[in-house]
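The values are calculated or read from the model by the stated rules, or taken from the named source; none is laboratory data. As the structure is a computational prediction, the values presented were derived from the model and not from experiment. Because the Cβ atoms are built from the backbone with ideal geometry, glycine has one as well, and the counts that use them run over all protein chains shown.
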Amino acid sequence: MSKWSVKDSLELYNVPAWSAGFFGIRANGHLEVRGDGQDDSPSLDLYELTRDLQRRGLRLPLLLRFSNILEARIHELAGAFRTASTQYGYRGKFRGVYPIKVNQQRHVVEELIRLGKNENLGLEAGSKPELLIALALLDTPEALIICNGYKDRAYLETALLAQKLGRRPIIVIDRFRELPLLLKVAEELGVRPHIGLRAKLTSTGAGKWVDSSGERSKFGLSTREIVAGIEMLKEKGMLDCIELLHFHIGSQITKIRAHKDALREASRIYVGLHQLGARPSLIDTGGGLGVDYDGSQSNTHSSTNYSVQEYANDVVSFIQEVCDETGTPHPDIVTESGRAMTAHHSLLIFDVLGVNNGMGDVADRDIPSIDAEDPKILHNLAEVYRTASTDNAQEVYHDALQFKEEANTLFNLGVIDIQERACAEEIFQHCCHKILGILHEMPNPPEDVDILEKPLADTYFANFSTFQSIPDHWAVGQLFPVMPIHRLDEEPTRQGIFADLTCDSDGKINRFISQEEDKPLLELHAWNKQPYLIGVFLIGAYQEILGDLHNLFGDTDAVHIHIEEEGSYSVEHVVEGDSVDEVLSYVQYDRKALVERVRRIIETALRKGQLSLEDSALLRRRYEQGLTEYTYLSQDSLEEVS
Ligand SMILES: *Cc1c(COP(=O)(O)O)cnc(C)c1O
């Protein structure tokens, strides 16, 4: 067998397929991050960077954001539309807006505005709080503010008054009822509104968020309502206020076909508006541009079967075709792609706290010997072990499983004792080990090797919370690339899953991307009690804000990094994660009150002589210290026992 190389790791973890060029592996076996996704772009050793940041006092788990990647993604999207427009001779402009809900963190939004200045990147607000962010932050003169979501009087007044500040927010009518209210408020304020109409398309999206579209979606006007709205505006002499047609068929659209269907329908509606006498000059295609999280370029949930360029080509060519056919002027194209813009730029690094070997160390032990007095079930299992061979591997595995279950039943009925049950488990492990060995030697192993491997897999205890850092993995089974960021020049000889810090059995990563379908186990390196750092990638969209405080694990530390020339970087922002007293205050516990209560309990115990003065002092110190600490575990304290 040839020696393991970083090439093997690249292939195993499918890095070129999902990384969009932003990640690679160096000869030293460390993952590297590349500023603009090109082979020759400035790059950093991710492992060394993490160790550096730890030396600066940042803690694991740590969220890393790279502004270079954000910038590259903004340019990629705008560039794709430029390329498409040039190719087709499209006369409208491209005007991207960033939907704030995808990642509202101030530093992220500020960075997007700053980096997107040249592209006139605007903002999309889906709620009143998001509108308030947009109004305060967006200072790019040509950039659009698109106002979506449920709107009450206060929302509308704010958006309309912003016009008096020289801003140009476009208020998108999501529900018909909003239109009369908007006209009333606008009249009161003496402002002519910039109106967008959101169409409810019959073509549906595809993927997990399919319900955002179709006739039953929460948002959008039916064609009947659009026609009625036009009538209403015509009567008031306000037809010219209609400036934009909007649609959004859902997020992470996995099939290009769904985009095409929606574009076809929306382009016709756009032309229809012109036929009715309105003159909108903007068409807003919403979000939905997907990210190929697993690198499979397929229409599975965590992938997309199209590229950014293909999407841009379709948007431009579909709109153009219908406009040219009907003699309608080419509109400027607005997109609200949030996921595609932000997903790549951030990643989480967590450390492994320890490993539970699923196989036990069965390989190092002899199979227990059985004698005549032992229960029949043990003999059955031993027989499985003895007879397992290439010819019957799958069959004997099923037998072994059945005998193991029988052993459990016999134990529950009191027929076998705890020693005998332990012996059954031990022989079962030996059976699995032997069968797995046989299966791996076979040129065409049967399909259910996976099932056999699962109970034998290692559990790597991971210092993070799924619910806080990758909630979509838990909630909708979304896959994210996960892999070690070092030791990649070394063969990963184990297979495992990650169990997080929460007490929830769902708190784990047990589906992983692979070249084919997803897989239940990840190849990992044997635990050597040295720091073992794992990265979770492409988490810049939605994860942070959907994250929750399960078991009171709070926000992680976060840093914004700008990659400079080879090997150097600057830390642009550090956002300290939650401390224990902060997360406690979110659920209404007051630090001082807690400390005071514990003080009183300690006093009582002291009076009763239950603890010494020294112990009481130590306990108080620990308690108060504990309140100021990070909610995650610190590796130092664990090293004492390992
Ligand atoms: C959520 C949302 C978006 C963002 O969608 P992505 O798939 O993340 O690009 C855009 N527009 C509207 C109206 C949305 O609700």
Practice item. Run down LEU538, LEU552 and say which single residue is in contact with a strand residue (DSSP E or B) (Cβ under 8 Å, 6 or more places away or on another chain) and on the phi > 0 side of the Ramachandran plot. Key: LEU538
Check your understanding: Do we find a residue being loosely packed, with under 14 Cβ neighbours inside 10 Å, touching a residue at least 24 places away in the same chain (Cβ under 8 Å) and over 25 Å from GLY354 (Cβ atoms) anywhere in the stretch 425-441?
Key -> yes
Check your understanding: Going by the structure shown, is ILE249 over 30 Å from LEU10 (Cα atoms), modelled with pLDDT under 95 and outside any helix (DSSP H, G or I)?
Key -> yes
Exercise for review: Give the residues of the stretch 390-422 that are among the hydroxyl-bearing types (Ser, Thr, Tyr) and closer than 14 Å to LYS434 by Cβ, sorted by residue number.
Suggested key: THR390, TYR397
Check your understanding: Quick one: which of TYR98, TYR90 is farther than 18 Å from HIS344 by Cα and either among the hydroxyl-bearing types (Ser, Thr, Tyr) or touching a residue at least 40 places away in the same chain (Cβ under 8 Å) (or both)?
Key -> TYR90
**Study point:** Filter pass, GLU523 being touching a helix residue (DSSP H, G or I) at 6+ places or on another chain (Cβ under 9 Å), within 16 Å of the ligand (Cβ to nearest atom) and either more than 30 Å from VAL6 (Cα to Cα) or not in a loop (DSSP other than H, G, I, E, B) (or both)
**Key:** no
Point to revise | Residues of the stretch 100-118 that turn out to be within 16 Å of the ligand (Cβ to nearest atom) and not aliphatic (A, V, I, L, M), as a count | key: 5
Practice item. Tally the residues that are more than 19 Å from ARG198 (Cβ to Cβ) and surrounded by 12 or more Cβ atoms within 10 Å (Cβ to Cβ), restricting the search to the stretch 148-157. Key: 2
Review point. Can you name the residue in the stretch 238-296 that is β-branched (Val, Ile, Thr) and over 20 Å from GLU321 (Cβ atoms) and is also farthest from the ligand (Cβ to nearest atom) among such residues?
Key: ILE242
Exercise for review: Considering each residue of the stretch 531-549, count those that are among the hydrophobic types (A, V, I, L, M, F, W, C), surrounded by fewer than 21 Cβ atoms within 10 Å (Cβ to Cβ) and away from the ligand (no atom under 16 Å from the Cβ), and give that number.
Suggested key: 1
Exercise for review: Quick one: which residue in GLU336, GLU235 is of a type in the set (Asp, Glu) and within 16 Å of the ligand (Cβ to nearest atom)?
Suggested key: GLU336
Review point. What pairs come up if the first residue lies in the stretch 140-154 and is on the phi < 0 side of the Ramachandran plot, the second is of a type in the set (S, T, N, Q) and away from the ligand (no atom under 16 Å from the Cβ), and their beta carbons are under 7 Å apart, counting only those six or more places apart or on different chains?
Key: THR140/ASN120; GLU142/ASN120; ALA143/ASN120
Review point. Among (1) buried (at least 18 other Cβ atoms within 10 Å of the Cβ); (2) not in a strand (DSSP E or B), where does PRO16 come up short?
Key: (1)
**Study point:** Given (1) modelled with pLDDT of 95 or more; (2) under 27 Å from LEU137 (Cα atoms), number of the condition ARG224 does not satisfy
**Key:** (2)
